[in-house]
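The values are calculated or read from the model by the stated rules, or taken from the named source; none is laboratory data. For clarity, every value in this text was computed on a predicted model and none was experimentally measured. Cβ coordinates were reconstructed from backbone atoms using ideal geometry, including for glycine residues, and neighbour counts include every protein chain displayed. We work out accessible area using only protein heavy atoms, side chains counted, and drop any ligands, DNA or RNA first. Shrake-Rupley method; radii C 1.70, N 1.55, O 1.52, S 1.80 Å.
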Amino acid sequence: MSLKLYNTLTNRKEEFDPIDEKSVKIYSCGQTIYDDMHVGNAKTYAAWDILNRYLVWKGYEVFHVMNITDVGHLTDDADEGEDKVEKAAKEKRLEPMELVTEQVRKWYREMDSLDMKRHNVNPRATGHIIEMIQAVEDIIDNGYAYEKNGSVYFDVKKFHEDHDYPRLGGRTLEDLRTGAGGRVSKEELDEKRSPFDFALWIKADPEHMMKWPSPWSLGYPGWHLECSIMGIKYLGERFDIHTGGVDHIFPHHPNERAQDMAIADINEEPVNYWLHSEHITVEGEKMSKSEGNFYTVSELLEEFEPQVIRTFFASIHYRSQSDFSLEVLEESRKKFERFRNTIRNVKGSDNGEKDDLKDDIVWIKEEFQEAMDDDLNTPLAMSKLLEFSSRINKKLDNKKSILEEAKETLVELLGVLGIILEDGEESEGVSETAVKKHIDLLLKIRENLREKSEYDLADMIRDELKKSGIVVEDSEDGPRWYVSR
Ligand code: AMP
Ligand code: ZN
């Protein structure tokens, strides 16, 4: 059975044919790391986590890069506004890299908590300024960029004459003139040859904090450039899959594709499959930091087990919009409980004689694969797994060995969807949420003890937690804890 993926480059589902028949290279646009991850961000990362896990399940080796944006993403797409990281750092009175360090730590902790498979590389933009400057020089040399007043712009019209610029999303340059692409700003009129041109290098104002010397000015890179550079550096000039949210369909990804081709001066497509995940909404509006209508991952993890959040993600197709609410998450909790109960039932079952679950195991593997091969149809895969789960429940008088095999199949396939059920986890009968609540309770007791200057007892709680691998950190907002790995 072969995998089909919806390719935004061609606007259709296509059979997946990797450049190297055994291994797959993926680049995913990652977090702009100025604030906490919200459930919308996490839903998009979960989609690529499932893609990665499914490819591995099908027998491929996967090399997955997800960048972390710590410079260059401005509050306005039209090369204007403030740098998001610098703005947030100023508000918190932190050095920008201090904020980034703190946020990166949190991001890893939360990605781990959500059972996202670790990526092979999480490169950061600030670590690749030299490569970016080199690439801008290459693009100028190849005739697709020009310098004006210390900034460098990509010449979209010139590129379009040779290569067809806006192929992603099926738009034409004319559409862009009348649509969202025809953005005009003061800077554009003053400095850009055409409103479609975008900045590769931006001359910094004197008060700008994050800036680097370059042949053109003391400045900083345009946002789109980093993904081209980190993609080329870690995956090569041509690779298999590039992913992002639908907000990247324009202008981020066409700009990235244009840069890729201009840097290497090639005509071939730099990336074969471009995948885009739809947005999570709240009451119909896109969940976003700027709208303030978001739930952070850390606040949800206080109330819900990670598997419940992952059940929610797996229940929606990555290309479908989905409205988020706590009620919807409650539904996911019930769904997840059904899987967990089946697994517990198998553990508590007696040995029977029958063997008639064998066909069901073959059936679910085929159905699962068929659903996932169809552009990662996770909602269909989930409904098949729920049916499989009920079939197991109805046949608990089966032989223990076949029940175990059915249970392992269920655990394995849920794992491909990022819903991780470790074998030993539920045998204690204590959920992860309960453990977290108890740790929080211990920390509250410790705070009380400290207020009463009973430091010996307070320190004892911290030290005992540390022995169990739980590190307590005191911060301005109170104590925090994380699991040391
Ligand atoms: P940002 O930090 O805003 O650059 O976003 C990081 C990633 O999360 C990008 O891939 C975005 O497309 C994605 N994203 C942002 N908001 C949402 C949302 N409401 N639903 C799904 N994905 C989102
Ligand atoms: Zn990107």
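Tell me which of these Asp115 doesn't satisfy, since it passes every other one: (1) under 29 Å from Ser290 (Cβ atoms); (2) in a helix (DSSP H, G or I). Result: Asp115 fails condition (2) only. Exactly one residue out of Gly219, Gly245 is under 23 Å from Pro123 (Cβ atoms) and within 16 Å of ligand 2 (Cβ to nearest atom): that is Gly245. Counting the residues of region 190-243 that are open to solvent by 10 Å² or more (accessible area, probe 1.4 Å) and within 16 Å of ligand 1 (Cβ to nearest atom) gives 1. Within the set Lys22, Lys13, Lys43, the sole residue that is more than 16 Å from ligand 2 (Cβ to nearest atom) and touching a His at 6+ places or on another chain (Cβ under 9 Å) turns out to be Lys43. So, Asp247, is that one within 30 Å of Glu161 (Cβ to Cβ), within 17 Å of the chain's Cα centre (by Cα) and surrounded by fewer than 20 Cβ atoms within 10 Å (Cβ to Cβ) or not? Criteria met by Asp247. When restricted to residues that are at pLDDT 80 or above, away from ligand 2 (no atom under 16 Å from the Cβ) and assigned to a loop (DSSP other than H, G, I, E, B), region 69-91 contains 0. Within region 403-422, residues that are open to solvent by less than 10 Å² (accessible area, probe 1.4 Å) reach partners that are acidic (Asp, Glu) and assigned to a helix (DSSP H, G or I) with beta carbons closer than 8 Å, at six or more positions or on different chains, in the pairs Ala406/Asp360; Gly418/Asp49.
Residue by residue through region 460-485, note down the ones that are small (Gly, Ala, Ser) and more than 13 Å from Arg105 (Cα to Cα).
Once the filter is applied, which keeps residues that are small (Gly, Ala, Ser) and more than 13 Å from Arg105 (Cα to Cα), region 460-485 yields Ser468, Gly469, Ser475, Gly478.
When the residues of region 49-70 are filtered to those that are farther than 16 Å from Gly415 by Cβ and within 13 Å of ligand 1 (Cβ to nearest atom), the one that is farthest from the chain's Cα centre (by Cα) is Asp70. Of all residue pairs spaced 6 or more apart or on separate chains, those with beta-carbon atoms under 7 Å, a first member in region 226-249 that is hydrophobic (A, V, I, L, M, F, W, C) and a second member that is at pLDDT below 95 are Ile249/Leu168; Ile249/Gly169.
Residue pairs whose Cβ atoms lie under 6 Å apart, sitting 6 or more positions apart in sequence or on different chains, and linking a residue in region 274-299 that is more than 30 Å from Pro18 (Cβ to Cβ) and open to solvent by less than 60 Å² (accessible area, probe 1.4 Å) to a partner that is near ligand 1 (Cβ under 7 Å from one of its atoms) and small (Gly, Ala, Ser), are Met287/Gly40. Would you call Asp36 assigned to a helix (DSSP H, G or I) and either closer than 25 Å to Ser315 by Cβ or among the basic types (Lys, Arg) (or both)? Answer is no for this residue.
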